[in-house]
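Notes follow the structure.
The values are calculated or read from the model by the stated rules, or taken from the named source; none is laboratory data. Quick caveat, the model's predicted, so the values are computed rather than measured. All Cβ positions, glycine included, derive from the backbone under ideal geometry; neighbour counts span all protein chains shown. With ligands, DNA and RNA removed, areas are computed over all heavy atoms of the protein, side chains included. Shrake-Rupley method; radii C 1.70, N 1.55, O 1.52, S 1.80 Å.
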Amino acid sequence: MNSKKFDKIILRNLISVKGADKFGYKNVNDFKYEDYYTKDEFDKFIEDMKNYNIEHHKSYAEGKGNETVSTDDGVKPPKMASVASSSRFAYLALRKGAKHIGVTKNVEFEAECAIKNKPGTQPQMDAYDKDTNTYIEVKCHEIFGDSKKKTLGEAYVNYIFGANEDGIGFKLITVTKPEGEFPIPFKEFGMKEFPRYFDLKQFLCHLLGVACKNHKEEESATLAYLFFKPKTDVEAEANELFGVYNGLQTEIISIFTSPTITRFCEENNIKLKAYYEYAEIMEPLIPANTHCLFA
């Protein structure tokens, strides 16, 4: 299974529900992106978002991810127009809340989760519920591919191997502190080899951000992950997806229960959770379509 095959399953399901005429985004050069909604359909989606909750629209329109606009002078379609867009999934799954995983109707999208005293770009969360202090990272086809970064920049050295002035850091002591950009010491986070499906680099950054915010507020917090698993009647595809999500769960359990992460979460009063939505197409997250990977 790879991202292209995964996207094709999602597109096939959508066509069966919505019809083929809703898909195929044409750019300024009249090139058609088959795995994207048409421009008209995407415009309707954005208009619906505005009418449903203008704050949701503002969060995406003004967010750093540029999710709702075409780029490269109209050559590339909006990211959120992709049938496998994680931001689209986050919005469709969580905009009405998801009480059973601790998310209220007051959920915010595209929320910054800054790491104190770290220069440069700060971590961004797909969703945040201030009522329950729950941070949600949402993934779709990002679990596939080899694009996951295996290094961290020099700005993260003290956070990984020591601590900042507030004591936030993983405090690794079994490896020598490096200089400059360095490989992520994945073995220290419960892995025998670098994880294939779970984005360890992003997880560490997000966890640091939650700890910094939580330390300031002095309250408990939850960092939850939400994935999408499309239904399929094709046995070979179903078997492949089973293997993928089984591998994903194995990685999550190994990382989340590693001594380093367990200690860090206890020190900073953070709970970790992970779920996936199992449905034909992306839809509101409810108990019936929610499956637990870790809680």
Size of region 29-94 as Cα extents on the principal axes (Å, biggest first): 33, 20, 19
In degrees, nearest ten, helix 235-256 long axis to first principal axis of the chain (Cα): 20 degrees
Crossing angle, helix 3-18 versus the chain [Cα axis fit, 0-90 degrees, rounded to tens]: 40 degrees
Distance from region 231-280 to region 25-95 (C-alpha centre basis), Å: 27 Å
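Given the pairs 50/271; 4/231; 32/79; 130/271; 64/177; 22/105, which are separated by over 21 angstrom at their Cα positions? Mind dumping the intermediate values first?
Numbers: 50/271 33 Å; 4/231 16 Å; 32/79 15 Å; 130/271 15 Å; 64/177 32 Å; 22/105 29 Å.
Among 50/271; 4/231; 32/79; 130/271; 64/177; 22/105, the Cα-Cα distance tops 21 Å for 50/271; 64/177; 22/105.
At 20 °C and a viscosity of 1.002 mPa s, what translational diffusion coefficient does Stokes-Einstein give for region 100-222, taking Rh as the Kirkwood radius over Cα pairs? Give it in µm²/s as a whole number.
Working: Rh = 15.6 Å.
Once the numbers are plugged in, D ends up at 138 µm²/s.
Which three semi-axes in whole Å describe the equivalent ellipsoid of region 226-288, each the square root of 5 times a Cα gyration tensor eigenvalue, listed largest first? Numbers along the way, then the final one.
Values: eigenvalues 170, 49, 6 Å².
Computed over region 226-288, the values are 29, 16, 5 Å.
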Along the chain, longest interval not containing exposed trypsin sites (Lys or Arg not before Pro), exposed being DSSP loop plus at most 10 other Cβ atoms within 10 Å: 65-191
Residue 109 - accessible surface, heavy atoms, 1.4 Å probe, Å² rounded to 10: 10 Å²
Solvent-accessible area per residue for the chain (1.4 angstrom probe, square angstrom): 48 Å²
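May I ask you to give the percent of accessible area on the chain that is carbon plus sulfur, with a probe radius of 1.4 Å? Don't skip to the end; give the middle numbers.
On the way: 6800 of 14270 Å².
On the chain, the fraction of accessible area on carbon and sulfur atoms equals 48 percent.
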Most mobile listed residue (155, 211, 111) in the chain, GNM with C-alpha springs under 10 Å: 155
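If you build the convex hull over the alpha carbons only and average its shadow over all orientations, what do you get for region 1-147? Give it in nm² to one decimal. Before the final figure, lay out each step's value.
Values: hull surface 42.0 nm².
Answer in nm², one decimal: 10.5.
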Placed amide H near residue 152: partners under 5 Å, 5+ positions off or other chain: 182, 184
Kirkwood Rh and Cα Rg combined as Rg over Rh, evaluated for the chain: 0.97
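Grab the alpha carbons of region 162-276, take their convex hull, and tell me the volume per residue in Å³. Walk me through the intermediate numbers first.
On the way: hull volume 12.8 nm³, N = 115.
Given the Cα convex hull of region 162-276, per-residue volume reads 111 Å³.
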As computed over region 92-141, the Cα convex hull volume per residue (Å³): 85 Å³
Degrees, to the nearest 10: 39-52 long Cα axis against longest axis of the chain: 60 degrees
Of the GluC sites (Glu not before Pro) in region 181-275, those whose Cβ has at most 12 other Cβ within 10 Å and which sit in DSSP loop: 181, 193, 218, 219
Candidates 83, 75, 107, ranked by Gaussian network fluctuation over the chain, Cα under 10 Å, top entry: 75
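Based on a Kirkwood Rh over C-alpha pairs, give the Stokes-Einstein translational diffusion coefficient of region 150-228 at 4 °C and viscosity 1.567 mPa s in µm²/s. Let's see the in-between values first.
Working: Rh = 13.6 Å.
It comes out at roughly 95 µm²/s.
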Loop-located GluC sites (Glu not before Pro) in region 138-173, at most 11 other Cβ atoms within 10 Å (DSSP): 165
Farthest positive-ward along region 1-118 dipole, Cα basis, beta-carbon charges - from 31, 68, 15: 15
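Around residue 153, what is the net charge, scoring Lys/Arg as +1 and Asp/Glu as -1 over all other residues with Cβ under 15 Å from its Cβ?
Result for the neighbourhood of residue 153: +2.
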